[in-house]
Structure formats: C-alpha cells, structure tokens
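The structure under discussion appears below in the form of structure tokens.
What follows draws every value from the coordinates through simple rules; no lab data is involved. A quick note: this is a predicted structure, and the numbers were derived from the prediction, not measured. No Cβ is skipped: glycine too gets one built from the backbone with ideal geometry, and neighbour counts run over all protein chains shown.
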C-alpha cells in the first residue's frame, strides 16, 4: 500500500524539524501511542492502539529514524505486531519552505498482514489519512502551546 500526503504548517522548517524529531513530542502527537521508549540512537520501542472497530487492537513494535538530511528530510521505518495482524512500513518526510510556513510531505509504503489486511486497501488508506490528519492537528496544538 502506498500513501502520499502533504500538509502546509504555519511554522518555520527548522522548528518543525526540531519538534518532529523530539521523542517526547512524538509520544504525545502520534495517534494511538501508549508507549514510546528510547532503545538506542534514533530507535524506539512503541506500543500503539489502532484499528477500525472490527479489527481494533494493540500493537507492539519499533520505530527507527534514519537518512536524516537536516532540516529538509528524514525517513522513518517501523513495524508492529498485534492480535489483529502485523504491519511494517517506511515513510519519507520532506519539509519544504512555503511562504511563511512549511509544506510537510509524507510518502509511505506499508505492508500489512493478518486479519487487519482483510479490511481492504481502500479502507486502510482512509484510516491512514485520518491518522495523518490527527497527527498534524496534534502537532499544531503542540506548537501553539509553545507560543
């Protein structure tokens, strides 16, 4: 499954770079996160509660940040397993100045398996886009609280 998303945020690129790579912020703004623990440099153990009503579940896994090109882009690689199935994927996040703000683009590839895969790609894309909207809303709220 491939997903491309973009959102313009009213903040300088450097500010977004700093906040998006702060583990304590990510623990607060990523949808469904119950645990986000540092296990190494740019490596984290995670536990998230996600899903749609028929295949809702808790997943444990890992997230790694790599290929950092400050303050322009970085990649995230993650995987998770839970009762409803498993997922693994990678996303390229690109931060591009746009006017007084920054366009944040995400290009993601994900593979899912188990019961959750039976939901169908179209529904999973909708869920992913909804989670991305939640992430950007939470990130904006986080940055607004710092003003």
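In what order do 37, 18 fall by count of nearby beta-carbon atoms within 10 Å, going from fewest to most?
Fewest-to-most ranking of 37, 18: 37, 18.
The angle between the Cα long axis of helix 121-144 and the main principal axis of the chain comes to about 40°, on a 0 to 90 degree scale. Overall form of region 63-147: prolate. Here a/c, set by the Cα gyration tensor axes a ≥ b ≥ c, is 1.5 or more, and a/b is the larger of a/b and b/c. Reducing region 106-147 and region 13-32 to their Cα centroids gives an inter-centroid distance of 15 Å. Sorted fewest first by neighbouring Cβ atoms within 10 angstrom, 17, 86 come out as 86, 17. With N the number of residues in the chain, Rg(Cα) / (2.2 N^0.38 Å) evaluates to 1.03.
Fully extending the segment from residue 35 to residue 72 would add 10.6 nm, taking 0.36 nm per residue of separation and subtracting the current Cα-Cα distance.
For n ≥ 4 DSSP H runs only, could you compute -39500 (n - 2.57) per run for the chain, divide by its residues and tell me the 222 nm figure to the nearest 500? Mind dumping the intermediate values first?
Working: 3 runs with 39 residues, N = 147.
When only DSSP H runs of four or more count, the value is -8500 deg cm²/dmol.
Taken along its three principal axes, the alpha carbon spread of region 36-104 comes to 43, 30, 17 Å, from the longest extent down to the shortest. Across 123, 20, 131, mean-square fluctuation computed from a Gaussian network of the chain (C-alpha pairs under 10 Å connected) peaks at 123.
Note on residue 58 and residue 125: the model spin-label points, each 7 Å out from Cα along the C-beta direction, lie 3.3 nm apart.
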